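Below is one structure; the comments refer to it alone.
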Amino acid sequence: SINDKIIYSAKDFTVQYLPVTEQLVYSEGPEGMVAYIYVQHAGNNPSENSMKIGNAPVQITKVDVVQRSGNSFPTQVIEFIVPNASSGPLTLTTNGLQGTLLENFRIYPIIDSFNPKGGVEGDIITITGKNFSSVLAENIVKLDNPGSLTLISSTPTEIKAVVPANARFGRLSVDYLS
């Protein structure tokens, strides 16, 4: 103050907020799935927001703005399509500020092929696909009948497993611990 007079700035100071998750509808899903997340401090239309899972861009298809009871700020309901990507943090950038909405959005593994198509106990099966864990102990590979296979190696796109002693036949499945 000057001579007990208050001096004000010519422009207002604007407080900006990082986007934050209010309610998570989906924390995992297959590539191509339409998912939703409730966020505060996001843009009110898709073009004002940029979303990623890991480093992969996410297509935002719609943003609805709602005022929820007890909230000081409006909530944006963001509709997005799960990309062809690996699992990773779900982030949202709006007005140059990035917030992590979820530490790990899990994208389901996909089996593209496996070889050989048949074999005997002790044979090694090579499974190719995507969204496998590169951490061997996190992958779970099963044969319909009787159960889990012993894993030898894994990358995000390939798993090698051994045919168990009591195996008969069945479909292969891949999942991983998250």
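The table below gives the values:
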| item | result |
| --- | --- |
| Close pairs (7 angstrom Cβ cut-off, 6 or more residues apart or separate chains): closer than 30 Å to Ser87 by Cβ in region 57-74, open to solvent by 70 Å² or more (accessible area, probe 1.4 Å) and among the hydroxyl-bearing types (Ser, Thr, Tyr) anywhere | none |
| Selected residue [at pLDDT below 90, under 19 Å from Arg106 (Cα atoms) and open to solvent by 60 Å² or more (accessible area, probe 1.4 Å)] from Gln16, Gln67, Gln59, Gln23 | Gln23 |
| Which numbered condition Ile140 fails, given (1) assigned to a loop (DSSP other than H, G, I, E, B); (2) open to solvent by 40 Å² or more (accessible area, probe 1.4 Å) | (1) |
| Contacts under 8 angstrom Cβ, first residue in region 1-22 being touching a residue at least 40 places away in the same chain (Cβ under 8 Å), partner open to solvent by 100 Å² or more (accessible area, probe 1.4 Å), 6 or more apart | Gln16/Asn95; Leu18/Gln98; Pro19/Gln98 |
| Residues located in region 32-56, provided they are open to solvent by 70 Å² or more (accessible area, probe 1.4 Å) and not basic (Lys, Arg) | Tyr36, Asn44, Ser47, Glu48, Asn55 |
| Some residue of region 149-172 being more than 23 Å from Ser87 (Cα to Cα), loosely packed, with under 12 Cβ neighbours inside 10 Å, touching a Gly at 6+ places or on another chain (Cβ under 6 Å) and among the polar types (S, T, N, Q) | no |
| Matching entry among Gly122, Gly118 (being on the phi > 0 side of the Ramachandran plot and part of a loop (DSSP other than H, G, I, E, B)) | Gly122 |
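The values are calculated or read from the model by the stated rules, or taken from the named source; none is laboratory data. These numbers were taken from a predicted model, which means no experiment stands behind them. Neighbour counts run over all protein chains shown; Cβ positions are idealised from the backbone, glycine included. Quick note on the areas: whole protein, heavy atoms, side chains included, nothing else; ligands and nucleic acids left out. Shrake-Rupley method; radii C 1.70, N 1.55, O 1.52, S 1.80 Å.
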